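Reading through the structure tokens given below for one structure.
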Amino acid sequence: MDQYDHIKEEDREIYDSIIGEEERQATGLELIPSENYVSSAVREAMASTLTNKYSEGYPGKRYYGGQEFTDQVERIAIERAKQLFGAGFANVQPLGGANANIAMYMALMEPGDTVLGMDLSHGGHLTHGHPVTYIAKIFRFVRYKMKDPETGEIDYDALRETAIAEKPKVILAGFSAYPRELDWKKIADIAKEVGAYAVADVAHIAGLIAGGAAKNPFDYGFDVLTSTTHKTLRGPRGGLILSNSEEIAKKIDKAVFPGLQGGPHMHQIAAKAIAFREALQPSFKEYAAQVVKNAAAMAEVFNADGARLIAGGTENHLLLLDAFSSYGLSGHEAETLLDRAGITLNKNSIADDTRKPLDPSGIRFGTPALTTRGFKEEDSKEVAQLMIQVLKEKEAAVESVRARVTELAAAHPIPESFT
């Protein structure tokens, strides 16, 4: 029986779209660094009968009856998350990374308080206080940047000076388009000096931390970690908040529910629990290490071609390429051409970009999904070479590169299980 037989019978339009997406994922190469593939077990949990159940509150303290099994599921997810990140407390209810960050702000601050976070154009995230977000109307955000986009070094001296002058309640470290590893100790020390909470948004590198391929901010005195559960962690789309302070954990729990959300999505929490178990397996350490190796291999190819990579390369899972100065294409043009060749990535602003956000100078790409499909360094180098071929030859290369991409995708099928 086809897993979508009921959809096929009841709603052919949606069925056709799902099948189309399955074919797109299977026959193309996914390089968006915030995307990945989940196991069949995670997908089954997302479609389970747990979606029928309202579970407002927390295990043992629900507002509705009939919570015997939902309590079990959430407790399992909490314990696995704590084990995975070396945390004393975990809230697994946030519906996404944005929800997790907003709940963290609500837990640690009062309206009007100041947050010091990474500038969006230098690698930060919208939820770190960009003016277009509603949260920026509630809290005051000031920003830090890279000292030099060519090396990617954060200007920690300027960060400290800003922290002393602005007296933030929270110093937020984390990113969505930054290819280097942050100096967690320096940031934690600055936060301690000015009496601020040190918070790390590790949404992008959670899987690398869990797999031992990136440093854990908790090891350097951070108070809170917020994260998504997809991306490098390879779970369902969702959020997570971790802390080692019981006092902070109580504030976070109240901020998530009833402060921000209603009933948690129990099918999603079950899927998170399964993904956490997968990430606790020894094989996940191999995966995380390979993600970093593959990204470095791609950077090597672009550097050899004389392209401009922001920060000069990568130390994690992603790369940010100045497509405009390197190949004469805007980020939007590069994204569109590569998409037609079966290589999916996203346009992205670069540091102090003079172009508009919807047609920026850069493209962002990475290796989490490729690595899930079993790509190694040499495979990743070939993908980089195919990208360069399209970026240089443009329309003339699309058809031949698409054919090779189809072959590579067929040789590396999306796995159903990781354990």
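The values are calculated or read from the model by the stated rules, or taken from the named source; none is laboratory data. Computed from a predicted structure; not experimentally measured. Methodologically, a virtual Cβ is constructed for each residue, glycine included, from the backbone with ideal geometry; neighbour enumeration extends over all protein chains shown.
Before moving on, here are some points about what is shown:
- Summed over region 64-80, the residues that are buried (at least 19 other Cβ atoms within 10 Å of the Cβ) and either small (Gly, Ala, Ser) or not assigned by TED's automatic domain parsing to the domain that holds Ser48 (or both) give a count of 1.
- Only one of Ala351, Ala341 that is more than 21 Å from the chain's Cα centre (by Cα) and hydrophobic (A, V, I, L, M, F, W, C): Ala341
- Filter result for Arg160 (touching a residue at least 24 places away in the same chain (Cβ under 8 Å), farther than 28 Å from Val291 by Cα, in contact with an Asp or Glu (Cβ under 7 Å, 6 or more places away or on another chain) and surrounded by 15 or more Cβ atoms within 10 Å (Cβ to Cβ)): no
- Reported count of residues in region 292-326, each being in contact with a strand residue (DSSP E or B) (Cβ under 8 Å, 6 or more places away or on another chain), part of a helix (DSSP H, G or I) and buried (at least 18 other Cβ atoms within 10 Å of the Cβ), is 8.
- Of all the residues in region 334-391, those that are of a type in the set (Phe, Trp, Tyr) and more than 27 Å from Lys147 (Cα to Cα) number 1.
Results for (1) at pLDDT 95 or above; (2) in contact with a His (Cβ under 9 Å, 6 or more places away or on another chain); (3) within 18 Å of Tyr287 (Cβ to Cβ), shown as yes or no for each residue.
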{"site": "Met1", "(1), (2), (3)": "no, no, no"}
{"site": "Ile7", "(1), (2), (3)": "yes, no, no"}
{"site": "Glu22", "(1), (2), (3)": "yes, no, no"}
{"site": "Tyr37", "(1), (2), (3)": "yes, no, yes"}
{"site": "Glu44", "(1), (2), (3)": "yes, no, no"}
{"site": "Thr49", "(1), (2), (3)": "yes, yes, no"}
{"site": "Lys53", "(1), (2), (3)": "yes, yes, no"}
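- Residues located in region 1-58, provided they are under 17 Å from Ala77 (Cα atoms), touching a Lys or Arg at 6+ places or on another chain (Cβ under 7 Å) and not charged (D, E, K, R): Val38, Ser55
- Candidate set: region 1-60, residues that are part of a helix (DSSP H, G or I) and of a type in the set (Val, Ile, Thr); chosen: the one nearest to the chain's Cα centre (by Cα): Val42
- Glu377 falls short on exactly one of the conditions (1) within 20 Å of the chain's Cα centre (by Cα); (2) under 30 Å from Ser417 (Cβ atoms), and that condition is (1).
- Hey, Leu309 over 23 Å from the mean Cα position of the chain (by Cα) and in contact (Cβ under 8 Å) with a residue 40 or more places away in the chain or not: no
- Filtered residue count, region 97-128, keeping only those that are in contact (Cβ under 8 Å) with a residue 40 or more places away in the chain and on the phi > 0 side of the Ramachandran plot: 1
- Members of region 148-176 that are farther than 17 Å from Lys192 by Cβ and among the hydroxyl-bearing types (Ser, Thr, Tyr): Thr151, Ser176
- Residue in region 347-360 that is in a helix (DSSP H, G or I) and surrounded by 24 or more Cβ atoms within 10 Å (Cβ to Cβ) present: no
- Residue count, region 275-285 (criterion: more than 19 Å from the chain's Cα centre (by Cα) and in a helix (DSSP H, G or I)): 2
- Some residue of region 248-270 being among the polar types (S, T, N, Q) and over 26 Å from Ala206 (Cα atoms): no
- Residues (surrounded by 15 or more Cβ atoms within 10 Å (Cβ to Cβ) and either at pLDDT 95 or above or touching a His at 6+ places or on another chain (Cβ under 9 Å) (or both)) located in region 400-419: Val401, Arg402, Arg404, Val405, Thr406, Leu408, Ala409, His412, Ile414
- Within region 390-406, the set of residues being within 16 Å of Gly328 (Cβ to Cβ) and either among the β-branched types (Val, Ile, Thr) or part of a helix (DSSP H, G or I) (or both) comprises Val390, Leu391, Lys392, Glu393, Glu395, Ala396, Ala397.
- Of the listed requirements (1) surrounded by 17 or more Cβ atoms within 10 Å (Cβ to Cβ); (2) out of contact with any Asp or Glu (no Cβ under 8 Å at 6 or more places or on another chain); (3) under 19 Å from Gly331 (Cβ atoms), Asp379 misses just one: (3).
- Residues being in contact with a helix residue (DSSP H, G or I) (Cβ under 6 Å, 6 or more places away or on another chain) and either aliphatic (A, V, I, L, M) or more than 23 Å from Thr49 (Cβ to Cβ) (or both) - total across region 241-272: 13
- In region 20-40, the count of residues that are surrounded by 17 or more Cβ atoms within 10 Å (Cβ to Cβ) and either assigned by TED's automatic domain parsing to the domain that holds Glu335 or more than 25 Å from Glu335 (Cβ to Cβ) (or both) is one or more.
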